[in-house]
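Data first, discussion second: the structure below is written as structure tokens.
The values are calculated or read from the model by the stated rules, or taken from the named source; none is laboratory data. What you are looking at is a predicted structure, and each value in this text was computed from that prediction instead of being measured. All Cβ positions, glycine included, derive from the backbone under ideal geometry; neighbour counts span all protein chains shown. Side chains are part of the model used for accessible areas, which takes the heavy atoms of the whole protein and leaves out ligands, DNA and RNA. Shrake-Rupley method; radii C 1.70, N 1.55, O 1.52, S 1.80 Å.
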Amino acid sequence: GPEIELIAIATGGRIVPRFQELTQEKLGKAGLVRELNFGTTKDRMLVIEECKNSKAVTIFLRGGTKMIIEEAKRSMHDALCVVRNLVRDNRVVYGGGAAEISCALAVSKEADNIKTIEQYAFRAFSDALEIVPIALAENCGLNAIQTLTEIKARQVSENNPALGVNCKENGAGDMKEMSVIETLHSKKSQIQLATQLVKMILKIDDIRSPSNM
């Protein structure tokens, strides 16, 4: 299972299917191996410490119910994914819908330079990007259209692409001052996946249901 593979990575050992194939070179090294008992049910857990590969760690999550533990696992997974994305690409963009509004303004400006029918596709893409800050404003109980219009106007007038939806106060806020950031890698992936999904839907010529056959 995955636990054996992780132990092999941490200790520097090799996984062998049979004891006859076990040799000195395939053994891993650990400074301390102990068993812990915890919880009211006296659950047991084997702890391996001071391993050869010191970068391998285990995150131990505990909670009152299974639902709390699962939610903690999802939160920890999301946090680790953010760190992974920063390791791959340490560039960041400002959150709170600031990046989407800035991109929408740039796409809309480019649409003004296009004289063909393709300009409508550009404008539709710009409108789609604005859905994110609108949803953020609605979730915060703000007037979505008014908030979006205010942020767009301030981004243009102040030439500040860091302005986004301030969930703590009314209206716009500077995401740079509030330290609200997102990884560029994840933001690019979100927009690309959404664009690919729309392109797949647009390729559908007809929908046939059993009642029409």
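Note the per residue figure in Å³ for the convex hull of the C-alpha positions in segment 84-166.
117
Pairs of Lys residues in segment 9-97 are counted when their Cα atoms are under 22 angstrom apart and they lie 8 or more places apart or on different chains; the count is 7.
Would you mind getting the Kirkwood hydrodynamic radius of segment 1-70 from its Cα pairs, rounded to one decimal in Å? Display every interim value, and only then the final one.
On the way: mean 1/r = 0.0706 Å⁻¹.
Computed over Cα pairs of segment 1-70, the Kirkwood hydrodynamic radius comes out at 14.2 Å.
Under a Gaussian network description of the chain, with springs only between Cα atoms under 10 Å, the residue in GLY141, GLY97, GLY164 that fluctuates furthest is GLY141.
Other residues with beta-carbon under 12 Å from the beta-carbon of LEU148 carry, at +1 per Lys or Arg and -1 per Asp or Glu, a net charge of -3. The spacing between segment 153-208 and segment 58-110, judged by their C-alpha centroids, is 13 Å. With the cut-off at 1.5 for a/c, could you classify segment 136-188 from its C-alpha gyration tensor as rounded, prolate or oblate? It comes out oblate by the Cα gyration axes. Within segment 32-119, the ratio Rg/Rh, alpha carbon atoms throughout and Rh by Kirkwood, equals 1.29.
What accessible area per residue comes out for the chain, rounded to a whole number of Å², with a 1.4 Å probe?
Numbers: 16150 Å² over 213 residues.
Using a 1.4 Å probe on heavy atoms only, each residue of the chain averages 76 Å².
Considering only PRO161, PRO133, PRO17, the Gaussian network model of the chain with Cα springs below 10 Å gives its largest mean-square fluctuation to PRO17. Using only the alpha-carbon atoms, how far is helix 118-129 inclined from the longest principal axis of the chain? Give it as 0 to 90 degrees, nearest 10. Value to nearest ten degrees: 50. A prolate overall shape is assigned to segment 124-213, the ratio a/c of its alpha-carbon gyration tensor axes (a ≥ b ≥ c) being 1.5 or greater and a/b exceeding b/c.
Show which aspartates and glutamates lie in cross-link reach of LYS152 when reach means a straight Cα distance below 15 angstrom and same-chain residues fewer than eight apart are skipped. Hits, sequence-local ones excluded: GLU100, ASP127, GLU130, ASP174.
For ILE181, the residues whose modelled amide H falls within less than 5 Å of its own, excluding neighbours fewer than 5 places apart on the same chain, are GLY95. Under 5 Å between amide hydrogens, built in the peptide plane, is the criterion, and for VAL92 it picks out LEU184 among residues at least 5 positions away or on other chains.
How large is the direction-averaged shadow of the alpha-carbon convex hull of segment 55-213, in nm²? Before the final figure, lay out each step's value.
On the way: hull surface 63.9 nm².
Projected area, direction-averaged: 16.0 nm².
Expressed as a whole percent, the accessible area of the chain that falls on carbon and sulfur atoms is 57 (1.4 Å probe). Using the Karplus relation 6.51 cos²θ - 1.76 cosθ + 1.60 with θ = phi - 60°, the per-residue 3J(HN,Hα) values for segment 67-72 come to 5, 5, 5, 5, 5, 5 Hz, with x marking Gly and Pro.
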